[in-house]
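Notes follow once the structure below has been shown.
Readers should treat all values here as calculations from the given coordinates under stated rules, not as data from a laboratory. For clarity, every value in this text was computed on a predicted model and none was experimentally measured. Every residue, glycine among them, receives a Cβ derived from its backbone with ideal geometry; neighbour counts consider all protein chains shown.
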Amino acid sequence: MTASALPVLMYHHVTEKPGLVTVHPRTFREQMAHLAGAGWKTAGCRDLEAFLAGAELPDKSVLLTFDDGYLDNYVYAHPVLLEFGLHAAIFLVTGWIGDGPARRHAGMGGDVPECPDHREAMAAIGAGRADRVMLRWSEVEAMRSAGSFEFHSHTHGHRRWDRDFADSAARRRALAEDLGRSRAALAARLASSAHLCWPYGYREAGYAEVAREAGFRFLYTVERGANTRDTPPEAIRRVVVKDRAGAWFASRLTLYGHERLARLYLALRGRR
């Protein structure tokens with residue numbers, strides 16, 4: 001059988017500190033164990049490209065995505081993905097990624113770096129201490145080499161340009177500069193990428209054109225829904241993953257792995 005829709009799941013943090021956009025490591029392992037045990041296959045972003053172009057994907061395919069590039073993705077998610085032979089994508093805020101030796105992750109045993117909750121992580125970044133909470137390029141390269149993660153753009157500065165620039169022309173110039181810096185950083189460290197995830201999921205008229213001019217063709221949102229061959233590449237839908245496993249997690253895979261079920265569910269919930 002082949003897939004009629006590709007669910008794209010959205011994570012941020014995998015850490016023991018509860019809070020916003022966070023999944024506990026124990027829950028994450030339960031979710032990945034379910035994927036592996038139930039026969040789900042983790043697709044990559046190239047697979048999504050091919051699917052949207054009309055190629056077939058195996059039934060029960062899913063794309064796992066992580067936003068921003070937090071240290072906890074390496075400390076806790078990376079060893080679990082390796083354990084179950086699964087693969088995910090991280091959209092990096094390239095301006096927040098620094099240099100230095102790779103730190104310890106949970107698969108190594110022993111002490112691992114502290115991984116704070118989302119609010120503390122944002123506070124550290126705002127205070128100029130991003131290295132405490134974000135990935136380093138050495139860790140990015142280690143995960144890519146191990147096959148647990150691939151890496152794409154979440155912009156360079158993770159800004160809301162509509163809030164920073166009242167003038168639309170200035171806003172678009174700033175966006176173009178940022179996207180150019182992000183794409184150049186990825187190309188220099190890893191490889192060129194045509195995949196971009198919008199910060200906060202926000203976009204407005206004209207943003208897609210700027211992204212295309214910067215070399216991005218596949219644009220990821222925070223809008224829920226099933227991705228089918230008819231999904232526009234500039235409006236890829238994703239589903240937020242909560243700190244819940246079991247029946248809840250299984251039901252989301254089923255819902256968003258079938259276009260009609262997803263449409264019915266969202267209609268009943270009063271959404272598009």
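A few comments on the model shown:
Conditions tested, residue by residue: (1) surrounded by fewer than 24 Cβ atoms within 10 Å (Cβ to Cβ); (2) within 30 Å of Leu175 (Cβ to Cβ).
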{"position": "Cys45", "(1), (2)": "yes, yes"}
{"position": "Phe51", "(1), (2)": "yes, yes"}
{"position": "Glu56", "(1), (2)": "yes, no"}
{"position": "Leu64", "(1), (2)": "no, yes"}
{"position": "Val75", "(1), (2)": "no, no"}
{"position": "Val80", "(1), (2)": "yes, no"}
{"position": "Pro113", "(1), (2)": "yes, no"}
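- Selection count where residues are under 26 Å from Phe28 (Cβ atoms) and surrounded by 13 or more Cβ atoms within 10 Å (Cβ to Cβ), scope the range 199-218: 3
- For the range 88-111, a residue qualifies if it is buried (at least 18 other Cβ atoms within 10 Å of the Cβ) and assigned to a loop (DSSP other than H, G, I, E, B), and the qualifying residues are Val93, Ile97, His105.
Rundown of residues vs (1) of a type in the set (D, E, K, R); (2) closer than 23 Å to His156 by Cβ, yes/no style:
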{"site": "Leu82", "(1), (2)": "no, no"}
{"site": "Ile90", "(1), (2)": "no, yes"}
{"site": "Gly95", "(1), (2)": "no, yes"}
{"site": "Pro101", "(1), (2)": "no, no"}
{"site": "Ala106", "(1), (2)": "no, no"}
{"site": "Pro113", "(1), (2)": "no, no"}
{"site": "His118", "(1), (2)": "no, yes"}
{"site": "Ile125", "(1), (2)": "no, yes"}
{"site": "Arg136", "(1), (2)": "yes, yes"}
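- Residue in the range 120-130 that is over 18 Å from Tyr70 (Cβ atoms) and either surrounded by 15 or more Cβ atoms within 10 Å (Cβ to Cβ) or hydroxyl-bearing (Ser, Thr, Tyr) (or both) present: no
- Cβ pairs under 7 Å, 6+ apart, first in the range 83-100 and closer than 10 Å to Ser148 by Cβ, second hydroxyl-bearing (Ser, Thr, Tyr) and not in a loop (DSSP other than H, G, I, E, B): Leu86/Thr42; His87/Thr42; Ala88/Thr42; Ala88/Thr65
- All positions within the range 228-252 that are of a type in the set (A, V, I, L, M, F, W, C), within 16 Å of Arg263 (Cβ to Cβ) and either in contact with a Phe, Trp or Tyr (Cβ under 7 Å, 6 or more places away or on another chain) or not in a loop (DSSP other than H, G, I, E, B) (or both): Val239
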